Amino acid sequence: MPPTGDPLTRHYRRLLLCYPRSYRRDRGEEILGLLLDTAPAGRIRPTFREAFDVVRNGLRCRLGRPTSRTVGVWAVLTAVICGLFTAAAASRVAWETSRPQPDRAEAAAIFADALPGRSIGQIETAPALFVFYGEPFRWQALDDMLFGDGGEYQPGFASASATGLPPVPVEQTLAVTRQHLRASGWRIYETVSRADRECVSACDPPVALTDTTLVASRGDTVFRMTLFAEGGPTPTNAALEVQRAAPPAVVPAAVLAGLVGGVLAWLVFGWASRRTEYRPGVALPFGITMFLWWLPVLLATPSLIGHQRAEPHPDWHPLWEWLGQPTGSLFFLIGTVCALIVLGCSAVPRRDTAPLRTIATG
């Protein structure tokens, strides 16, 4: 066998780190010898196929349960969901690099740009970057968030209303707003109109109520104006909002944290899988964890996709909303408790009753 200073030996030893430590201790030299004996003379590094095979088999060996056909699927599901959760947490932390939500003076200037010469009502400002029912989140509100109201946790915004706008078609009001916003450097997105058909039969005499939303962005600020009008040239009311967009640090923080979280989750899953191979009782709490963690994702994602496509969005909704959080935070907490039970069972020392199993390297 070549000395340990041989470049090919060093490369193979690095690749063997993919195997669990106990497996390397028992079989590492045997695998290394096999790889070196089959390598042609003069080779200084493994081929791509050799490296791929060693890494693939090493990662599979980390999962244990060599007779299982589904353990790899469960490992991937665990790594993906844990990576998404850590990415969402990191993105929320990165949101703290944002400027505060617009104050009253900034909001008043933006609203005056949008509706020049019009009387704007009282401006309500956000007391925090994120709010729960319009107030900063406090631990006293945790029970409300856990039991169905988590969707009320949203980025704050400054808002006001304008009533009694001139009795002109909505498009005319929108044209004036677009002109002034563009002159001030705003990017205008496609407007969306919706007709409230319920009031056609409920109102006497029947009227068609329509709301039209215009969205614009400038830098890290997003402006939204919704015009409410009855059919025909009648007085129009407007709701105005302005808030911050996601800061630039959100995406890189989420990507980095997601990758790290996914890799760590894979490694922890493999450790727990090997430790509990002969403890069938952990299957139930693990299954509950996967069900409760993935269910909110499967329910929230389709509705958010439809929402994103139906309305203009300068910014994507925060990642945690795509994961059904904090609306599904009770599910998440129960799943986390079950996951801790699995980890606790894995940490209990066990007596190995099965012979060491091997996995081919080619």
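The values are calculated or read from the model by the stated rules, or taken from the named source; none is laboratory data. Since the model is a prediction, treat every value here as computed from it, not as a measurement. Neighbour counts run over all protein chains shown; Cβ positions are idealised from the backbone, glycine included. All accessible areas refer to the heavy atoms of the entire protein, side chains included, with ligands and DNA or RNA removed. Shrake-Rupley method; radii C 1.70, N 1.55, O 1.52, S 1.80 Å.
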Return the only residue of GLN154, GLN179, GLN172 being open to solvent by 50 Å² or more (accessible area, probe 1.4 Å) and assigned to a strand (DSSP E or B). GLN154
Which of the residues spanning segment 237-267 are touching a helix residue (DSSP H, G or I) at 6+ places or on another chain (Cβ under 9 Å) and surrounded by fewer than 17 Cβ atoms within 10 Å (Cβ to Cβ)? PRO247, PRO248, ALA249, VAL251, PRO252, VAL255, LEU256, LEU259, VAL260, VAL263, LEU264, LEU267
Which of (1) surrounded by fewer than 16 Cβ atoms within 10 Å (Cβ to Cβ); (2) basic (Lys, Arg); (3) part of a helix (DSSP H, G or I); (4) touching a strand residue (DSSP E or B) at 6+ places or on another chain (Cβ under 9 Å) does ARG99 not meet, given it meets every other one? (3)
Which pairs have Cβ atoms under 6 Å, sit 6 or more apart or on different chains, and link a residue in segment 295-322 that is part of a loop (DSSP other than H, G, I, E, B) to one that is open to solvent by 50 Å² or more (accessible area, probe 1.4 Å)? PRO312/GLU190
Residue in segment 118-148 that is surrounded by the most Cβ atoms within 10 Å (Cβ to Cβ), counting only those that are touching a residue at least 60 places away in the same chain (Cβ under 8 Å) and within 22 Å of PHE332 (Cα to Cα): MET145
Take the residues in segment 216-228 that are buried (at least 22 other Cβ atoms within 10 Å of the Cβ) and either basic (Lys, Arg) or under 21 Å from GLN122 (Cα atoms) (or both); name whichever of them is modelled with the lowest pLDDT. LEU227
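For GLY33, state whether it is at positive phi, surrounded by fewer than 20 Cβ atoms within 10 Å (Cβ to Cβ) and out of contact with any Gly (no Cβ under 6 Å at 6 or more places or on another chain).
no
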Of these, ALA160, ALA126, which one is in contact with a helix residue (DSSP H, G or I) (Cβ under 7 Å, 6 or more places away or on another chain), over 29 Å from GLY261 (Cα atoms) and not in a helix (DSSP H, G or I)? ALA160
Given the conditions (1) open to solvent by less than 50 Å² (accessible area, probe 1.4 Å); (2) closer than 25 Å to GLN325 by Cα, which single one is not true for ALA89? (1)
